[in-house]
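The values are calculated or read from the model by the stated rules, or taken from the named source; none is laboratory data. It should be emphasised that the depicted structure is a prediction, and the values quoted were computed from it without experimental measurement. Note that each Cβ is placed from the backbone with ideal geometry, even for glycine, and that neighbours are counted across all protein chains shown.
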Amino acid sequence: MDTSRPEKQNSYFPESIRTRKVFKNLILHIHPVMVRGATLKFNHTFGLGGMTALLFILQVLTGILLRFAYEPFPGKSYDSILHLQNKVLFGQFVRNIHHWSGIFLVILAFLHLLRVFYTGAFHLPRRSNWVIGVVLLILLIFSNFTGYLLPWDQISYWAVTVGTSMLEYLPGIGKGLESLVRGGTDLGPATLLIFYNFHTSILPLTIVILMAFHFWKVRKAGGTVVPGGISNTDKTFVPVIPNLVAKELVVALVLLAVLFIMSIFMDAPLHDRADPGFSPNPAKAPWYFLGIQELLVHFHPFVGAILIPLIFVAGLFYFPFANYKTKNTGVWFFSGKGRMITLWSALLAILITPLLILADAWFLHFDEWLPGLPELISNGLIPLTLTLLSLVGYLWILKRKTGASRMELLISLFTILVVSYTVMTFAGIWFRGPGMSLVWPWKL
């Protein structure tokens, strides 16, 4: 038998046919050949995972292009950005895409996490993949943070100064860790080089490895959870090409169109050159850390910058491993009751969080009421304990009044924390002026 015959015949295939075969094989490495038709409903996933992956790829591609023009030295970085924007063909456009896709990436990755949580897609066999997803979100935030410094303008310099200074509140190791991250006591050439290397090599490589593992775990678990969970009796399977791939292509094209239009009409910000001797008032952290900076206004630094974020992140890692009597995987908000509880909790957080911000500014002064106690206790542990007791009391009332299950109570707690942090982020962006005092947005 002539074993070379198939290859000889294959050589006569038109180039377009061979290209389609390669493309199809690539798609089928990512997706199974057949998928359940019920999982193709757009409002079940909103394409958030795919859009997040696309944005990361776009970040890598535009980042590679930016490397050709960027010089990671304090005396040259700002000028290299100016040269890129003013002298390089499409340089401003590429930088705009990189900037806006970086912001979208963090937002959509977080929305993807919310979608997975609210559809219960973190139970077995997807439990370990939830942990990987949380780690990926954290890495994406820090990738954005390391890139924030690279323009070396006034806003980015002082935002990173504020962000890294939060590390000093870690007991014992804080000062050393802050110095390690900065490469010294203050931001300088060593800091820029450290951030550049993390942003362009270490973090992207780590994210790529974890993303590959994340996608493999999704595939191993049987793909996206079925809407309606076990109550969905539709077991119809359809080919992934074109039923799923066509929808993914449409979502990708819409996302790219929105991103490119924004990049044409909205330039990435570039403020005055960084001046280490002049701090803006107020000096604010990057937008995704402004909720933590807002906590620093109300709590002792260790509690606001370290303890509360650590408790929240530890909760994210823990709750997939908790014991639930009923899982209802694939059902939005677990149940109709869960949907109602989620709405109540979100409205409560939207109402109470601004009131607490105002109350703390006007008359809640635990450190003045309890002058004999250390500030960590009077302005840290006491208000934190009162806050936790209030949350426990709210959950107890919910359980008594509605008979909510453990999963429904968890949804309520998670919703309150996420919405409260979002409100505090908006407060930090639009309502904090000089000295982090409360001001109207038009007076900033």
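So here's what we get for this one:
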read-out	value
The range 44-86, residues that are of a type outside the set (A, V, I, L, M, F, W, C) and not in a helix (DSSP H, G or I)	GLY47, TYR70, GLU71, PRO72
Among the residues listed as GLY184, GLY102, GLY133, the single one being over 18 Å from MET211 (Cα atoms) and either in a helix (DSSP H, G or I) or out of contact with any Lys or Arg (no Cβ under 6 Å at 6 or more places or on another chain) (or both)	GLY184
Residue pairs meeting the criteria (Cβ under 8 Å; at least 6 apart or on separate chains; first more than 21 Å from SER437 (Cβ to Cβ), in the range 354-379; second of a type outside the set (A, V, I, L, M, F, W, C) and modelled with pLDDT under 90)	SER378/ASP367; SER378/PRO371
Residue list for the range 392-444, restricted to those being in contact with a helix residue (DSSP H, G or I) (Cβ under 7 Å, 6 or more places away or on another chain) and more than 26 Å from PHE117 (Cα to Cα)	GLY428, ILE429, TRP430, PHE431, GLY433, MET436, LEU438, PRO441
Residue in the range 382-400 that is closer than 15 Å to VAL303 by Cβ, in the same structural domain as PHE334 (by TED's automatic domain parsing) and touching a residue at least 40 places away in the same chain (Cβ under 8 Å) present	yes
GLU408 being closer than 30 Å to ALA38 by Cβ, modelled with pLDDT under 95 and not in a loop (DSSP other than H, G, I, E, B)	yes
Selection count where residues are without any contact (Cβ under 8 Å) to a residue 24 or more places away in the chain and under 30 Å from PRO282 (Cβ atoms), scope the range 401-430	2
Single condition VAL131 does not satisfy, out of (1) buried (at least 19 other Cβ atoms within 10 Å of the Cβ); (2) more than 15 Å from LEU203 (Cα to Cα)	(1)
Every residue from the range 85-97 that is buried (at least 20 other Cβ atoms within 10 Å of the Cβ) and either aliphatic (A, V, I, L, M) or in contact with a Ser or Thr (Cβ under 7 Å, 6 or more places away or on another chain) (or both)	VAL94, ASN96, ILE97
Residue match in the range 388-403 (condition: surrounded by fewer than 16 Cβ atoms within 10 Å (Cβ to Cβ), part of a helix (DSSP H, G or I) and among the hydroxyl-bearing types (Ser, Thr, Tyr))	yes
